[in-house]
Each structure stands twice: as structure tokens, then as C-alpha cells.
Amino acid sequence: MDAKLQRRVQRYGWDKAAEQYEKFWAAQLLPAQQLLLELADLKLGESVLDIACGTGLVTFPAAAAVGGNGRVVGTDLSEEMIKGITAIAAERGVRGEFSRQDAEQLEFTDGTFDAALCALGLMYVPDGQRAVREMLRVTKPGGRAVAAVWGARKNCGWAEIFPIVERRVASDVCPLFFMLGSGDSLADTFALAGFENVEARRITTTLDYASAEEALGASFAGGPVALAYSRFDDAARESAHAEYLESVAAFRDGAGYKVPGEFVVVRGTRAR
Ligand SMILES: C[S@@+](CC[C@H](N)C(=O)[O-])C[C@H]1O[C@@H](n2cnc3c(N)ncnc32)[C@H](O)[C@@H]1O
């Protein structure tokens, strides 16, 4: 695996996906984001960091939970995501601090935040262990961190998207995508990093697409393979679309698709 290449593919891929991201993903990711926020149990006046914040689907509810006397910081590898969340915050009158930062190398001093969150971001990071260690480092003693990832490959009906793309453009999109969501991997990663009282929840979900176009848009243009996909010519697009729809054919439901999925959400606390 080429970590540098993976980072570039992620950075510029999410730049391309940023504008379409909420349209395709806001509803589908909600169960994982809600559980993450529930486990974070944010209180008025607290400081919270949302790592890989994207357009702020978790950041804004977190901002509401900590209130005007709290502090909300969002970081993401993609410049376009940071531009997007900054614009949305201005529109909504939310006071937050947003900056482009790699989850593996956060630019905060030790023990800065009451809570560190990362929703559906760790699968894209070349070294997830290092990113979780960073979550621990920036969390205050006695504070907590919560992360959500996609679950095991066998329980995610859309998983063929990665080999379908890789067969057309060698891209190191995210070679270890399902690793953290398998078995106890994410909880073990938290424990290894030094978190205490680690608890994990696994939830099943259904990705509900009203049409084939919606299923294709979410998977190709609106997500992590967007950079590789942008390099496909028309023939490659057509064949990749056909192959992907074939891979989810068992989940056809009328004109659309109901594709099974799974999330894992883990919480840990930093010792006092
Ligand atoms: C599926 S989105 C999740 C966004 C948001 N947390 C949410 O729940 O809607 C994944 C995000 O991870 C970001 N990302 C990918 N690799 C990253 C890295 N190494 N460091 C920080 N962010 C990263 C992407 O730019 C993208 O915004």
C-alpha cells in the first residue's frame, strides 16, 4: 500500500465529491452519526473536535449540544469540505473553527478537547492506529473519544465498488476499508492506543436508493472513489456502472435498491 498515494486519492477525491456528498449520503449515514453523538454525550460548555468532519453532518449537532459557551472545531483532509463547512456555518450563524488537517497529524496540543469525534472517516486513513492515537492525544484526561466506521465487508452489500474501480484504474482508494469494521478491530485499536472503558456497538442499516441513478451517484461520484472515477472514459463508466448494478442486483426493490450495510461505533475514555 502506498500511503502517500492513498492520501492524495482521498484528498482530491473528496474535493470532487464535496458538493454532492450531502445529497447522496446525509440520510444513509444518519443512524451511525446519531449513535456516535449519543455515545459522545456532549454537555453544554464543552470543547469538541470533529475529525474528518466533511460538510458537518456531525459537527453541527455537536455545536448545538455544546451551545454558545462551548467550542467546536472541525478538521478534514479535503479543502473543498472545509470550504463547504465554513460556508454552511456562516449561513447558519454557527461559531466554529475549521481547518484542513490530516487525521494522522493533528495540529493541536495534548489534552485540548473534552471530546474527539470521527464519523465515517477512519476507513480512509492509511494508518488508522495512528489516527486513533491522535484522538487520544488531543483528548483531555477524563475526556472521551467516539468513532464510527463501516462494518464488516460481508455485511455491506455495496462492497464490490472498490474492486470494480481498482480493476479500471489502479488507485489505492482505501485498501483497508473494511478492516476496522471487522471483528473487534476498532475497539482493539482504541484499547491499544491507550483508551480505557472501551465499548463497541455494531448496528445494521439499509441504504435506501430510489433509483439506479441514485445508487450509482452515491457510489461513484459522491464518495471515496470520485477521483479514480473522474478519470474513467465513457466506456469505462458504462461498464463499471453495469458491473456495480449487477453486484447489488439481489437488493433490487421496485425501481430502486435497498442495500444492506453495517456500522461499528466505539467509545473510549482517556485516563485522568
Ligand atoms: C464519509 S465522509 C464523512 C464526513 C463526516 N464525518 C460525516 O459523518 O458526514 C469522509 C471524510 O473523511 C475525510 N478524510 C479522508 N481521509 C482523511 C484523512 N487522512 N484525514 C482527515 N480527513 C480525511 C474526507 O475528506 C471526507 O470528508
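The values are calculated or read from the model by the stated rules, or taken from the named source; none is laboratory data. Being a predicted model, the structure only gives us computed values, none of them experimental. As a convention, Cβ positions derive from the backbone with ideal geometry for all residues, glycine included, and neighbour counts pool all protein chains shown.
Just a few scattered comments:
This table checks each residue for (1) at positive phi; (2) polar (S, T, N, Q); (3) modelled with pLDDT of 95 or more.
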site	(1), (2), (3)
Phe195	no, no, yes
Ala200	no, no, yes
Ile203	no, no, yes
Ala215	no, no, yes
Phe220	no, no, no
Arg231	no, no, no
Ala242	no, no, yes
Ser247	no, yes, yes
Ala271	no, no, yes
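- Scanning the range 254-271 for residues that are closer than 20 Å to Ala40 by Cα and assigned to a loop (DSSP other than H, G, I, E, B) turns up at least one hit.
- Only listed residue being touching a residue at least 60 places away in the same chain (Cβ under 8 Å) and either of a type in the set (Gly, Ala, Ser) or near the ligand (Cβ under 9 Å from one of its atoms) (or both), chosen from Leu35, Leu57, Leu39: Leu57
- Residue satisfying condition, being crowded, with 17+ Cβ neighbours inside 10 Å and in a helix (DSSP H, G or I), within set Ala215, Ala191: Ala215
- Exactly one residue among Ala250, Ala187 is under 29 Å from Ala40 (Cα atoms), among the small types (Gly, Ala, Ser) and either in contact (Cβ under 8 Å) with a residue 12 or more places away in the chain or in contact with a Gly (Cβ under 8 Å, 6 or more places away or on another chain) (or both), and that residue is Ala187.
- Residues (assigned to a strand (DSSP E or B), under 28 Å from Pro175 (Cα atoms) and more than 14 Å from the ligand (Cβ to nearest atom)) located in the range 109-144: none
- Considering Phe220, Phe263, the condition of being touching a Pro at 6+ places or on another chain (Cβ under 7 Å), of a type outside the set (A, V, I, L, M) and crowded, with 20+ Cβ neighbours inside 10 Å is satisfied by Phe263 alone.
- When the strands (runs of 3 or more DSSP E) confined to the range 29-108 are screened for residues that are more than 15 Å from the chain's Cα centre (by Cα), among the basic types (Lys, Arg) and modelled with pLDDT of 95 or more, none reaches at least 3 such residues.
- Test: Ala89 is over 21 Å from Asp15 (Cβ atoms), more than 12 Å from the ligand (Cβ to nearest atom) and touching a residue at least 12 places away in the same chain (Cβ under 8 Å): no
- Each residue in the range 1-28 was checked for being near the ligand (Cβ under 10 Å from one of its atoms) and assigned to a loop (DSSP other than H, G, I, E, B), and 0 pass.
- Residue identified as modelled with pLDDT under 95, crowded, with 24+ Cβ neighbours inside 10 Å, closer than 22 Å to Asp102 by Cβ and among the polar types (S, T, N, Q) among Gln6, Gln10: Gln10
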